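Peer 1: I'd like to ask some things about the structure below.
Please treat every number below as a calculation from the coordinates, not as lab data. Source: prediction; values computed, not measured. Cβ: placed from backbone, ideal geometry, glycine included. Neighbour counts: every protein chain shown.
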Amino acid sequence: MPFSQPAVIRSRRALLPAGERPADVLIRDGRIEQVAAHGSLVVGDSELVDLGDTALLPGLVDTHVHVNEPGRTEWEGFATATRAAAAGGVTTIIDMPLNSIPPTTTLDGLAVKRKTAEGQAWVDLGFWGGAVPGNVADLEPLHRAGVFGFKSFLAPSGVDEFPHVEADDLEAALAEQARIGALAIIHAEDPAVLAAAPQQPGVRYRDFLASRPSGAETAAVAHLLDSARRTGARVHILHVSSAAVLPLLRRAREDGVRVTAETCPHYLTLAAEQVPDGDTAFKCCPPIRDEANRDALWEALADGEFIAVVSDHSPSTPDLKLLPEYGGSGDFAAAWGGIASLQLGLPAIWTEARRRGHTLADVVRWMSAGPAELVGLTGIKGAIAVGCDADLVAFDPDGEFAVQADELHHRNPVTPYAGRTLTGAVRTTWLRGRAVDTGTEPFGRQLARPANSRTEKAF
Ligand SMILES: [Zn+2]
């Protein structure tokens, strides 16, 4: 439902920063101009969209998406990823610096990404940089050019052109990021612990799980926190899969280390006990662990220990996943590690959150306001508040649907949620006040990190 502005969107269930309220939201020039009592705004000649009991959410901010273009566009791509995002209620994505070729580790690499994304983005889009061995001198120029921070791997990343950092490289990268005020985002698994773990290739999920033990996460996080403490860098732990990491983060914060963490829908909604042997759609690193661990992650989430729940959408082609239904071996050790879920994160989390007694306000904090805060976009994205971009989602909290992988906008029809029934349906997504209609031209913008962002008030 595209409308010319100004417009009023009315809902009895608007998710405002203060919680769920009946409200009228006035939109002008792509921004939220006023939030008022339900039914109170005289709309005059502007359009009114009355959602009734359908909830109105701020668009989700997904700070962990691997678009893979250029270079591995057959895995995903800007058009397909951002279309999937819009269909899933995500209005801002931040693209990871690797799996594309070139990776975003130099100014030239960033320029290639920006040029490639032009005219292809259905939602707003920003970029992470990468900190790899030997590119310390590239970090400040990339930071000035507006990347939202720098990703490093402490263990092999899975692609040759994005090597992991050893202790010295990490220390140098963190020292430089502390100096320039950048956010370091870290894939934390320890290569020595991984190398010492039992390696048993094959279709059995428990063998794969044993090859990526929880101890690899805790060892890497402990090492990272030491380095963060020494350098003063602000660090963010990506995709925490093991709840054993959480006490380390708590202690470090008490010590004054500036650390945040995220987890992902697959760690919160799936469990090792349910992974069928050979079903490599479930493979990711670090891996989906057992039910007890999942419960502990939910407790931590409820306690505010995660700033964000983000997808880590990292698809590949079905043949690289070695999926048996595509003639593959189903070997977990050899399959590409990455889960495709960009379009499904909101309903997946809402389905499980509701079962556990959480509210839509919680989901909005985890998936919209929290990630916006992480990347310094508070006041611009992630809230239904005056002055924010009118990125909005009409969401039916009771709508049920069965996931059909080939009906998703993802480029490849592979997702561990295939066949599941999820609750929560996105009805309309508005980006800066315009309904996203994938039958027309895309109008997503490229974002740069706001120059004066202060993003650490809560941590
Ligand atoms: Zn990732």
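Peer 1: Averaged over every viewing direction, what's the projected area of the C-alpha convex hull for the range 276-426? Give it in nm², one decimal, please.
Peer 2: Approximately 9.8 nm², given one-decimal rounding.
Peer 1: Quick check on the chain: helices-only [θ] at 222 nm, where DSSP H runs of length 4 and up contribute -39,500 (n - 2.57) each and the sum goes over total residues. Nearest 500, please.
Peer 2: My calculation for the chain gives -7500 deg cm²/dmol from helical runs alone.
Peer 1: Using only the alpha-carbon atoms, what does the range 67-145 span along each of its principal axes? Please give whole angstrom values in decreasing order.
Peer 2: Each principal axis gives a Cα extent; for the range 67-145 these are 39, 24, 19 Å.
Peer 1: Can you give the charge dipole size of the range 1-68 about its Cα centre, rounded to the nearest 20 debye, using +1 on the beta carbon of Lys and Arg and -1 on the beta carbon of Asp and Glu?
Peer 2: With Lys and Arg at +1 and Asp and Glu at -1, about 160 debye.
Peer 1: Residues with beta-carbon under 9 Å from that of GLY149, excluding GLY149: net charge, scoring Lys, Arg +1 and Asp, Glu -1? Please report the intermediate quantities before stating the final value.
Peer 2: Numbers: positive: LYS151, ARG234, ARG449; negative: none.
Once positives and negatives cancel, what remains is +3.
Peer 1: Taking the radius of gyration and the Kirkwood hydrodynamic radius from Cα positions alone, what is the Rg/Rh ratio for the range 2-68, to two decimal places?
Peer 2: Working: Rg = 13.6 Å, Rh = 12.8 Å.
In the range 2-68, Rg relative to Rh is 1.06.
Peer 1: Considering the alpha-carbon set of the range 118-210 alone, what are its Rg and its Dmax in angstrom?
Peer 2: Final numbers for Rg and Dmax: 16.5, 47 Å.
Peer 1: Where Rh is the Kirkwood radius over the Cα pairs of the range 256-300, the temperature 4 °C and the viscosity 1.567 mPa s, what D in µm²/s does Stokes-Einstein return? Before the final figure, lay out each step's value.
Peer 2: Values: Rh = 11.7 Å.
Translational diffusion coefficient: 111 µm²/s.
Peer 1: Compute the long axis of helix 167-180 from its Cα atoms, compare it with the longest principal axis of the Cα atoms of the chain, and write down the angle in degrees, 0 to 90, nearest 10.
Peer 2: Between the helix axis and the principal axis of the chain, the angle is about 30 degrees.
Peer 1: Something else now. How tilted is helix 345-355 with respect to the longest principal axis of the chain? Cα atoms for both, answer in degrees (0 to 90, nearest 10).
Peer 2: Relative to the chain, helix 345-355 is tipped by roughly 90 degrees.
Peer 1: Enumerate the calculated ³J(HN,Hα) couplings along the range 32-39 in order (Karplus 6.51 cos²θ - 1.76 cosθ + 1.60, θ = phi - 60°), each rounded to whole Hz, writing x wherever the residue is Gly or Pro.
Peer 2: 7, 8, 7, 10, 9, 4, 4, x
Peer 1: On a straight-distance basis, which lysines could pair with LYS283 in a cross-link, Cα separation under 23 angstrom, same-chain partners fewer than 8 positions away excluded?
Peer 2: Filter leaves LYS151, LYS321.
Peer 1: Have a look at GLY444, MET367, ALA302 and report the one farthest towards the positive end of the charge dipole of the range 299-449, computed about the Cα centre with Cβ charges (Lys/Arg +1, Asp/Glu -1).
Peer 2: Of the options given, the answer is GLY444.
Peer 1: Right, here's the next one. How many percent of Cα pairs in the range 91-250 exceed 20 Å?
Peer 2: Tail fraction, whole percent: 53.
Peer 1: Hey, another quick one. P(r) for the range 348-459, please, calculated from all Cα pair distances in 10 Å bins and given in %.
Peer 2: Percent of pairs per bin, in order: 12, 33, 38, 16, 1.
Peer 1: Continuing with this model, one more query. Restricting to Cα atoms and excluding each atom paired with itself, what does the Kirkwood estimate give for the range 1-113 in Å?
Peer 2: Result for the range 1-113, one decimal place: 16.4 Å.
Peer 1: Residues with amide H under 5 Å of ARG445's amide H, sequence separation 5 or more or different chain, H placed in the peptide plane at 1.01 Å from N; which?
Peer 2: ASP124, LEU125
Peer 1: Could you give the alpha-carbon Rg of the range 191-349 over 2.2 N^0.38 Å, rounded to two decimals?
Peer 2: In units of the globular-protein estimate, the range 191-349 measures up at 1.07.
Peer 1: If you wrap the range 314-392's Cα atoms in a convex hull and average its projection over all directions, what's the area in nm²?
Peer 2: Hull-based average projected area comes out at 7.5 nm².
Peer 1: Now, a different point. Using the beta-carbon distance between ASP319 and ARG251 and R0 = 35 Å, what value does 1/(1 + (r/R0)^6) give for FRET efficiency, to the nearest 0.05?
Peer 2: For R0 = 35 Å, the calculated efficiency reads 0.20.
Peer 1: If amide H atoms are built 1.01 Å from N in the plane of the peptide, which residues on other chains or at least 5 residues away come under 5 Å of the amide H of LEU322?
Peer 2: So LEU322 has HN proximity to TRP336.
Peer 1: Treat every Asp and Glu Cβ in the range 37-127 as -1 and every Lys and Arg Cβ as +1, leave all other atoms uncharged, and give the resulting dipole magnitude about the Cα centre to the nearest 20 debye.
Peer 2: Numbers: 5 positive and 12 negative charges, 82 e Å.
It comes to approximately 400 debye.
Peer 1: Radius of gyration and Dmax for the range 180-239's Cα atoms, expressed in Å?
Peer 2: Values for the range 180-239 (Cα only, Rg and Dmax): 14.3, 46 Å.
Peer 1: Next question, about the same structure. List the longest stretch of the chain that has no exposed loop site; here a site is one of the GluC sites (Glu not before Pro) assigned by DSSP to anything other than H, G, I, E or B, with at most 12 other Cβ within 10 Å.
Peer 2: That gives 167-459 as the longest site-free run.
Peer 1: Continuing with this model, one more query. HN-Hα J couplings of the range 92-107 from phi, Karplus 6.51/-1.76/1.60, θ = phi - 60°, integer Hz, Gly and Pro as x?
Peer 2: 9, 10, 10, 7, 6, x, 10, 5, 6, 10, x, x, 8, 10, 9, 4
Peer 1: Specify which residue in the list PRO318, HIS239, SER227 is farthest towards the positive end of the charge dipole of the range 206-324, using unit charges on the beta carbon of Lys, Arg (+1) and Asp, Glu (-1), about the Cα centre.
Peer 2: Of the listed residues, the answer is SER227.
Peer 1: I'd like the orientation of helix 214-231 relative to the chain: the angle between its Cα long axis and the longest Cα principal axis, in ° from 0 to 90, rounded to 10.
Peer 2: Roughly 80 degrees between the two axes.
Peer 1: Could I ask something else about it? Please list the non-local residues whose amide H lies under 5 Å from the amide H of ILE94, H modeled 1.01 Å from N, same-chain partners needing a gap of 5 or more.
Peer 2: Long-range HN contacts for ILE94: ASP62, THR63, HIS64, VAL65, GLY126.
Peer 1: Moving on to the next point. Quick one: Cα centre-to-centre distance for the range 81-148 and the range 352-366, in angstrom?
Peer 2: 30 Å
Peer 1: Same structure again: Run the dipole for the chain about the Cα centre, Lys and Arg Cβ at +1, Asp and Glu Cβ at -1, nothing else charged, and hand back the magnitude in debye, nearest 20.
Peer 2: Details: 42 positive and 59 negative charges, 192 e Å.
Computed about the Cα centre, the dipole is about 920 debye.
Peer 1: Taking Cα atoms of the chain, Rg/Rh with Kirkwood Rh, to two decimals?
Peer 2: 0.95
Peer 1: Which value, in Å³ per residue, describes the convex hull spanned by the Cα atoms of the range 108-158?
Peer 2: Hull volume over Cα atoms, normalised by residue count, gives 105 Å³.
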